[in-house]
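A short write-up of the structure that comes next.
Read-outs: derived from the displayed coordinates by stated rules, not from any lab. Here the structure is a predicted model, which is why all the values come from computation and not from measurement. Positions of Cβ are backbone-derived with ideal geometry, glycine not excepted, and every protein chain shown enters the neighbour counts.
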Amino acid sequence: MDNRLFRDAMGKFATGITIVTTEYNGEIMGMTVNAFMSVSLDPKLIAISIDEKARMYDKLQETKNFGLSILTEDQKELSMIFAKQKDSDKDISYLRQDNIPVIKDSIATLSCRVKETADAGDHKIFIAEVTDVKMNGGDPVLFYNGQYHTLK
């Protein structure tokens, strides 16, 4: 099977959009991630999958912590900025949660500490323990079939 067919088939699974953030040498950096899932309730674990070519791939292995922000429909532009689909023309507002940067006004934010990693083809799966959660409400922005959608 070719890569395009596989990618198109995976695009048929609707996902929420998250931004993964960390601070490295005093710089806050982030990336759009839709490969995110809850793993365990006890302990509270989540998993994200990061491409080996991503700038944050090595950084997350060094910092061993990250913030995860679940975006609202009003934050679609942030998804595009962190995915490098659009240049940022405004300051991005962060909050500190467990001393980890997260995106202000997201539906929910999680602060996480990496517990283990697993190589998975051209990606690495980061399994992390959630150390704090905050919820703000709102409706999510969704990604389906290569496009952004809302619940409405």
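The table for this structure:
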quantity	calculated
Complete set of residues in the stretch 64-84 that are in contact with a helix residue (DSSP H, G or I) (Cβ under 8 Å, 6 or more places away or on another chain) and surrounded by fewer than 16 Cβ atoms within 10 Å (Cβ to Cβ)	none
Test: residue in the stretch 12-35 that is part of a strand (DSSP E or B), in contact (Cβ under 8 Å) with a residue 12 or more places away in the chain, under 13 Å from Lys124 (Cα atoms) and of a type in the set (S, T, N, Q)	no
